[in-house]
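The values are calculated or read from the model by the stated rules, or taken from the named source; none is laboratory data. Keep in mind that this is a model prediction, so the values were computed, not measured. As a convention, Cβ positions derive from the backbone with ideal geometry for all residues, glycine included, and neighbour counts pool all protein chains shown. Ligands, DNA and RNA are excluded from the accessible area calculation, which covers all protein heavy atoms including side chains. Shrake-Rupley method; radii C 1.70, N 1.55, O 1.52, S 1.80 Å.
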There are 2 protein chains.
Amino acid sequence: MSTKPRYEQIADHLRTEIEKGEFLPGDKLPSEKRLCDYFDVSRITIRQALKSLETEDLIFKKQGLGAFVREEPAKQNLVQLTDFSEDMRRAGHRSSSKLIRFKKVEADTEINTTLEVPPSSPLIRVDRVRIADDIPVAFDVTWLPASYGHLLLDEDLNNRTIYEILEGTYSIPISAGRYKITAAAADEYVAKHLGVEVGSPVLEIDRCSRTTAGKKVYFQKRYNNPKYISYDIELFRNDNVEGSSKDGLPLKEFTPRFYF
Amino acid sequence: MSTKPRYEQIADHLRTEIEKGEFLPGDKLPSEKRLCDYFDVSRITIRQALKSLETEDLIFKKQGLGAFVREEPAKQNLVQLTDFSEDMRRAGHRSSSKLIRFKKVEADTEINTTLEVPPSSPLIRVDRVRIADDIPVAFDVTWLPASYGHLLLDEDLNNRTIYEILEGTYSIPISAGRYKITAAAADEYVAKHLGVEVGSPVLEIDRCSRTTAGKKVYFQKRYNNPKYISYDIELFRNDNVEGSSKDGLPLKEFTPRFYF
DNA sequence: TGTTACAACATGTCATAACAAGTATCTTAT
DNA sequence: ATAAGATACTTGTTATGACATGTTGTAACA
C-alpha cells in the first residue's frame with residue numbers, strides 16, 4: 001500500500017500536534033464538524049481517527065462535550081528490564097562496563113540444559129562488571145552456545161551489549177525472554193568485583209533470551225548490589241474491575257531505582 | 001439508557017457464543033454479510049461489534065479472510081503479587097501463618113515518613129512467619145498507623161490477611177500500592193524464624209498500600225527465603241512494535257515460583 | 001435572583017452505498 | 001497436468017444521511 005488511509009494520516013497528525021504541545025493535557029480537541037471541514041473528509045473518517053487515538057489512551061471522548069487530551073499519556077504496563085547502559089543514561093548516571101573474563105568453558109549441566117544444547121557442548125562465558133558513577137554496582141555472567149559466543153570474539157564488550165552485537169551486527173532476531181528474580185549470596189569472585197563482603201546479599205536477575213524462532217541465544221545471571229539497585233512496581237486497582245484480585249493486578253509501572 | 005446499542009448486544013452475543021465453545025480458538029466467525037442477515041442489521045453495526053471484540057483481543061480479523069477466535073484469551077499483563085495464602089493455594093501447597101508479634105511500637109523515622117503520619121506517632125507492628133508445607137518460607141513485618149492497627153486487635157491474624165480484615169470487615173477501600181524488590185541479609189530475628197543462618201540473603205519485597213483516597217494504610221516488609229521463592233517474568237517482544245525497546249517491553253507474565 | 005424551557009451545538013448509533021484491497025476458487029490456455 | 005487469468009467472496013476505507021442522546025447557554029417567567 002503506497003499511501004496510508006486518511007483516518008491514519010489524520011490520527012498521526014493529531015498525535016503529533018498533541019506531542020508537540022499544540023494541545024495540552026486536558027485541552028479539548030476541535031469538534032468533529034470542525035475537523036471534517038479542516039481536513040475536508042467525512043465525519044466517519046474523523047471518527048475513526050479519533051477512535052484510534054482513544055484506543056491508544058491518548059484522548060478520551062465524552063458525548064455532547066467533545067474529545068480531550070488525557071492528562072497522562074504515560075508509558076504504562078512496560079517492564080524496564082532494559083540495557084544497563086540505557087538504564088543509567090535514562091537516570092542521568094555515567095556508566096561503563098569492564099570485561100573481566102571471556103573464555104570457552106566446559107559444559108555445565110544446568111546451563112547446557114537451559115540453553116538446550118547437547119550436554120557435553122562447551123560454552124562461551126562472558127563476565128563483566130557494571131560500573132555507574134565509578135562504582136561497581138552489578139556483575140554479570142553470561143553463557144552462550146559456542147556458535148553464538150564466537151560471534152562476540154572480536155567485539156568491544158566494554159562498550160556494547162551482547163544483545164546489540166547479536167541483533168545489530170549479526171541480524172540474529174532476538175525475542176524477549178524470561179527472567180527470574182531471586183536473592184543470592186555473593187561468592188568470593190562476585191564479591192571481589194562488586195566490592196562487597198563475601199556472602200553479602202545480591203539481587204539476582206537471571207535471564208534467558210531466545211531468537212524469534214525459539215532457539216536459546218544466551219543465559220545470563222546478573223548480580224545487582226542491593227545497596228545501589230532495586231526495582232519498583234506499581235499496580236493498578238480499578239474499581240471497574242469485577243471480581244477479586246485473586247489473579248493479580250495489572251501492571252502500571254516496573255522501573256529500576258538507583259541509589260548512588 | 002434503557003436498552004443497549006445493537007452493536008453491543010451483538011458483541012455480547014458473540015462473546016457468549018465463544019465462551020460457551022460454539023466457536024473454538026482458531027475457528028472462523030461467520031462473514032460480515034452473514035451476520036448482517038442473521039441479526040438483520042447493517043454492516044456498520046456488525047463491524048462495530050466485531051471491532052469491539054477485536055479490541056478485547058478475543059478475536060482477530062484479516063482482510064479478505066474473515067474474523068477468527070484467538071487461540072489464547074489468556075490472562076496477561078497481570079502481576080501476581082497476591083496473598084501469601086492465595087499464592088500457595090493456587091500452587092497446591094498447604095499454607096499457614098503464625099503471628100509472632102503484635103505490639104504498639106515507638107515512632108520510627110523511616111516508617112512514619114512512609115506512612116505519612118506525624119513523626120512521633122506510635123505505630124502498630126505485626127510480625128508473622130509464613131509457612132508452606134510445614135516449612136517457614138517467608139517472614140513479614142507490617143507497620144500500621146495506630147488508628148488502623150487497633151482494628152486488628154482482636155482479629156485472627158493467623159488465618160486472615162490484614163488486607164482482608166481492613167477491607168472486608170471494616171470496608172476500608174484499599175487500592176493497590178507500590179512495591180520495591182530488593183535483596184537483604186537476614187538479621188538474627190528474621191533468620192531465627194526463617195530457619196536460616198544469620199546474614200543469609202533474602203528476597204525482600206516491600207509494600208505500601210493506601211486507601212483509594214490516597215491515605216497510607218500499612219507498610220510491610222516481606223522477607224522471602226530464596227531457596228523456596230523466586231519470581232518469574234516474561235515479556236512480549238512484538239515485531240509489530242516500532243522503534244527500539246528502550247522504554248521497556250510489555251509484561252506478559254509475572255508469577256511467583258516455589259521450590260518446596 | 002433562581003428556575004425552567006428551548007435552541008444550538010456536540011457526540012453516539014445506525015442505515016445505505018460505492019469503491020479498494022486481499023484471499024480463495026474456478027476457468028481457460030498452454 | 002500446470003500455470004495464468006478471471007471471478008466470487010471477504011474485509012477495509014470512505015461518503016452521505018438521519019435520528020438519538022448529552023451538554024451548555026440563553027431567554028422567559030416566577
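Which of the helices (runs of 4 or more DSSP H) contained wholly in the stretch B:6-90 include at least 2 residues that are out of contact with any His (no Cβ under 9 Å at 6 or more places or on another chain) and more than 13 Å from chain A (Cβ to nearest Cβ)?
Details: elements: B:6-20, B:32-39, B:43-55, B:84-90.
Of the helices (runs of 4 or more DSSP H) lying wholly inside the stretch B:6-90, those with at least 2 residues that are out of contact with any His (no Cβ under 9 Å at 6 or more places or on another chain) and more than 13 Å from chain A (Cβ to nearest Cβ) span B:6-20, B:32-39, B:43-55.
Filtering the stretch A:64-92 down to residues that are touching a Leu at 6+ places or on another chain (Cβ under 9 Å) and open to solvent by 50 Å² or more (accessible area, probe 1.4 Å), which residue is nearest to A:D154 (Cα to Cα)?
Once the filter is applied, the top-ranked residue is A:Q76.
Does the stretch B:58-72 contain any residue that is among the small types (G, A, S), farther than 30 Å from B:K180 by Cβ, away from DNA strand C (no atom under 12 Å from the Cβ) and in contact with a helix residue (DSSP H, G or I) (Cβ under 8 Å, 6 or more places away or on another chain)?
Initial filter on the stretch B:58-72 (among the small types (G, A, S)): B:64, B:66-67.
Filter again for farther than 30 Å from B:K180 by Cβ, leaving B:64, B:66-67.
Imposing the further condition that a residue be away from DNA strand C (no atom under 12 Å from the Cβ) reduces the set to B:67.
Retained after the next criterion (residues that are in contact with a helix residue (DSSP H, G or I) (Cβ under 8 Å, 6 or more places away or on another chain)): B:67.
Checked the stretch B:58-72: at least one residue is among the small types (G, A, S), farther than 30 Å from B:K180 by Cβ, away from DNA strand C (no atom under 12 Å from the Cβ) and in contact with a helix residue (DSSP H, G or I) (Cβ under 8 Å, 6 or more places away or on another chain).
What helices (runs of 4 or more DSSP H) lie completely within the stretch A:108-197 and have 1 or more residues being closer than 20 Å to A:D83 by Cα and away from chain B (no Cβ under 14 Å)?
On the way: elements: A:109-115, A:146-149, A:188-194.
It comes to A:146-149, A:188-194.
When A:G199 is evaluated against the numbered criteria (1) open to solvent by 10 Å² or more (accessible area, probe 1.4 Å); (2) without any contact (Cβ under 8 Å) to a residue 12 or more places away in the chain; (3) small (G, A, S), which criterion, by number, is the only one it fails?
Against the list (1) open to solvent by 10 Å² or more (accessible area, probe 1.4 Å); (2) without any contact (Cβ under 8 Å) to a residue 12 or more places away in the chain; (3) small (G, A, S), A:G199 comes up short only on (2).
Quick one: what pairs do we get from the stretch A:14-41, first residue within 14 Å of DNA strand D (Cβ to nearest atom), second in a helix (DSSP H, G or I) and among the charged types (D, E, K, R), C-beta under 8 Å, 6+ apart or different chains?
A:E32/A:R43; A:E32/A:R47; A:K33/A:R43; A:C36/A:R43; A:F39/A:R6; A:V41/A:R6
Report whether or not A:A213 is facing chain B (nearest Cβ under 7 Å) and modelled with pLDDT under 85. Walk me through how you get there before you give the answer.
Values: facing chain B (nearest Cβ under 7 Å): no; modelled with pLDDT under 85: yes.
Here the answer is no, as A:A213 does not meet what is asked.
What's the number of the only condition in (1) touching a Leu at 6+ places or on another chain (Cβ under 6 Å); (2) open to solvent by 40 Å² or more (accessible area, probe 1.4 Å) that A:R128 fails to meet?
Going through (1) touching a Leu at 6+ places or on another chain (Cβ under 6 Å); (2) open to solvent by 40 Å² or more (accessible area, probe 1.4 Å) one by one, A:R128 breaks only (2).
Give just the number: which of (1) facing chain B (nearest Cβ under 8 Å); (2) of a type in the set (F, W, Y); (3) not in a strand (DSSP E or B) does A:Y231 not satisfy?
Just one mismatch for A:Y231, condition (3).
Here is a yes/no grid of residues against (1) surrounded by 17 or more Cβ atoms within 10 Å (Cβ to Cβ); (2) under 30 Å from A:T142 (Cα atoms); (3) of a type in the set (F, W, Y):
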| site | (1), (2), (3) |
| --- | --- |
| A:K33 | no, no, no |
| A:C36 | yes, no, no |
| A:I59 | yes, no, no |
| A:K62 | no, no, no |
| A:R94 | no, yes, no |
| A:I100 | no, yes, no |
| A:K104 | no, yes, no |
| A:T109 | no, yes, no |
| A:T113 | no, yes, no |
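Read through the list (1) touching a strand residue (DSSP E or B) at 6+ places or on another chain (Cβ under 8 Å); (2) open to solvent by 20 Å² or more (accessible area, probe 1.4 Å), then give the number of the only condition that B:L53 fails.
(2)
What are the pairs, 6+ residues apart or on separate chains, where a residue within the stretch B:152-181 that is closer than 24 Å to B:L78 by Cβ has its Cβ under 6 Å from a residue that is polar (S, T, N, Q) and part of a loop (DSSP other than H, G, I, E, B)?
B:P173/B:T212; B:S175/B:T212
Go through B:R43, B:R34 for me and flag whichever is at pLDDT 90 or above, within 13 Å of DNA strand C (Cβ to nearest atom) and among the basic types (K, R). Break it down stepwise before answering.
Details: B:R34 fails: within 13 Å of DNA strand C (Cβ to nearest atom).
Matching residue, one of B:R43, B:R34: B:R43.
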